[in-house]
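Engineer: Before we start, here is the structure in question, set down as structure tokens.
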Amino acid sequence: MPRVFISAQLLNDERVTLDRAASRHLVKVLRLQVGAEVSIFDGRGTEIQGRIVRASTAGVEVALGQRRRVPLPPVRITLLQSVPRGDRMDVIVQKTTELGVTRIVPVLSARGTVKPPPSKSRRWRIIAQEAARQSGRADVPDVTDPVALDVALAGAAVAGETRLLLWEEEHALPLRQVLAQMPSASVILLVGPEGGFSEGEVERARLHGFRAVGLGPRIMRVETAALVAVALTQSAMGGLD
């Protein structure tokens, strides 16, 4: 069944009119007509059965039916991701959304890219919405605006989550070992840019309660490290069962 994301604030009435982009996709691409059923999700964990009552590329109108809560992943994962060069952040947002990440914080670090323009943040949020739609999630990860590393570290220190720093120089403590003993169902993963974190950044992260962990003997690309870390965390808590 086709799935459509609609903000929860717009789903308080018995009917909803989709925006032009969603309407065009349903009518022109999927060729849906009046009477066709669609599934609407609000990005907060609720899915709603819908039926098209007016089909137009200018605005498809949907009658809202039964609502249900979709179970959230068993572990809450916040990804603090140093922004890499090029379009790699697009891939990270898309794939970690599919894997069930809860929050993505783009981080500006010493060896990372320059501060992305506001259009990048908007793009990443749209990518997260589309990845949630495609993967069957009813919730959408919160993708924040980029922040400096020290700001991200300070924000993480306030919370009670398990805090882990992926560092290529850490060989004694693998991520899998820490996950097997993780005391909470909430974890913050800090992933560096190309070239990794500087020693000063690693030390500051440790002062904010982060433990350095490794991903094994291989040096991984930024996007690979993020995906592996999120997948291992989900697997350890039953999120991939």
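The values are calculated or read from the model by the stated rules, or taken from the named source; none is laboratory data. Keep in mind the model is a prediction, meaning the values are calculated, not measured. Cβ coordinates were reconstructed from backbone atoms using ideal geometry, including for glycine residues, and neighbour counts include every protein chain displayed.
Every residue, every condition in (1) within 30 Å of residue 240 (Cα to Cα); (2) of a type in the set (Val, Ile, Thr); (3) outside the structural domain of residue 138 (by TED's automatic domain parsing), yes or no:
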| position | (1), (2), (3) |
| --- | --- |
| 14 | no, no, yes |
| 23 | no, no, yes |
| 28 | no, no, yes |
| 33 | no, no, yes |
| 61 | no, no, yes |
| 88 | yes, no, no |
| 107 | yes, yes, no |
| 114 | no, yes, no |
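A quick yes/no check of all residues on (1) among the basic types (Lys, Arg); (2) at positive phi; (3) outside any loop (DSSP other than H, G, I, E, B):
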{"residue": "4", "(1), (2), (3)": "no, no, yes"}
{"residue": "9", "(1), (2), (3)": "no, no, yes"}
{"residue": "13", "(1), (2), (3)": "no, no, no"}
{"residue": "16", "(1), (2), (3)": "no, no, yes"}
{"residue": "24", "(1), (2), (3)": "yes, no, yes"}
{"residue": "34", "(1), (2), (3)": "no, no, no"}
{"residue": "38", "(1), (2), (3)": "no, no, yes"}
{"residue": "48", "(1), (2), (3)": "no, no, yes"}
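Engineer: Give the range 92-113 a look and list any residue that's buried (at least 17 other Cβ atoms within 10 Å of the Cβ), aliphatic (A, V, I, L, M) and farther than 18 Å from residue 224 by Cβ, or say none.
Structural biologist: 105, 108, listed by residue number.
Engineer: Select, from 24, 20, 3, the only residue that is among the basic types (Lys, Arg) and within 16 Å of residue 128 (Cα to Cα).
Structural biologist: None of the others qualify; the one that does is 3.
Engineer: Among 170, 194, which is in the same structural domain as residue 102 (by TED's automatic domain parsing), closer than 20 Å to residue 107 by Cα and of a type in the set (Asp, Glu)?
Structural biologist: The conditions single out 194.
Engineer: Oh, and also: Kindly list, by first and then second residue, each pair from a residue in the range 130-141 that is assigned by TED's automatic domain parsing to the domain that holds residue 43 and under 14 Å from residue 2 (Cβ atoms) to a residue that is surrounded by 22 or more Cβ atoms within 10 Å (Cβ to Cβ) and among the β-branched types (Val, Ile, Thr), limited to pairs with Cβ atoms under 7 Å and residues at least 6 apart or on different chains.
Structural biologist: none
Engineer: Out of the range 95-115, which residues are farther than 23 Å from residue 239 by Cα and touching a Phe, Trp or Tyr at 6+ places or on another chain (Cβ under 9 Å)?
Structural biologist: Within the range 95-115, 106, 109, 110, 111 meet the criteria.
Engineer: Now for a different question. Can you name the residue in the range 138-155 that is more than 18 Å from residue 192 (Cα to Cα) and out of contact with any Leu (no Cβ under 9 Å at 6 or more places or on another chain) and, of all such residues, is surrounded by the most Cβ atoms within 10 Å (Cβ to Cβ)?
Structural biologist: Here the residue is 140.
Engineer: Still on this structure, please answer the following. With respect to residue 158, determine if the residue is surrounded by fewer than 15 Cβ atoms within 10 Å (Cβ to Cβ), β-branched (Val, Ile, Thr), within 22 Å of the chain's Cα centre (by Cα) and modelled with pLDDT under 95.
Structural biologist: For residue 158, the condition - surrounded by fewer than 15 Cβ atoms within 10 Å (Cβ to Cβ), β-branched (Val, Ile, Thr), within 22 Å of the chain's Cα centre (by Cα) and modelled with pLDDT under 95 - is met.
Engineer: Check whether at least one residue in the range 114-125 is exposed (fewer than 15 other Cβ atoms within 10 Å of the Cβ), part of a loop (DSSP other than H, G, I, E, B) and in contact with a strand residue (DSSP E or B) (Cβ under 9 Å, 6 or more places away or on another chain), and report yes or no.
Structural biologist: yes
Engineer: I'm checking my understanding of the structure. Among residues of the range 213-241 that are touching a Pro at 6+ places or on another chain (Cβ under 6 Å) and of a type in the set (A, V, I, L, M), which one is surrounded by the fewest Cβ atoms within 10 Å (Cβ to Cβ)?
Structural biologist: Applying the filter and picking the extreme gives 237.
Engineer: Would you check if there is a residue in the range 124-142 being more than 11 Å from the chain's Cα centre (by Cα) and closer than 21 Å to residue 215 by Cα?
Structural biologist: Within the range 124-142, none of the residues are more than 11 Å from the chain's Cα centre (by Cα) and closer than 21 Å to residue 215 by Cα.
Engineer: Can you name the residue in the range 161-212 that is at pLDDT below 90 and of a type in the set (Asp, Glu) and is also surrounded by the most Cβ atoms within 10 Å (Cβ to Cβ) among such residues?
Structural biologist: 161
Engineer: Within the range 192-241, work out how many residues are of a type outside the set (Val, Ile, Thr) and assigned to a helix (DSSP H, G or I).
Structural biologist: 18
Engineer: If you take just the strands (runs of 3 or more DSSP E) that sit entirely in the range 59-108, which of them hold at least 1 residues that are in contact with a Leu (Cβ under 6 Å, 6 or more places away or on another chain)?
Structural biologist: 76-82, 103-108
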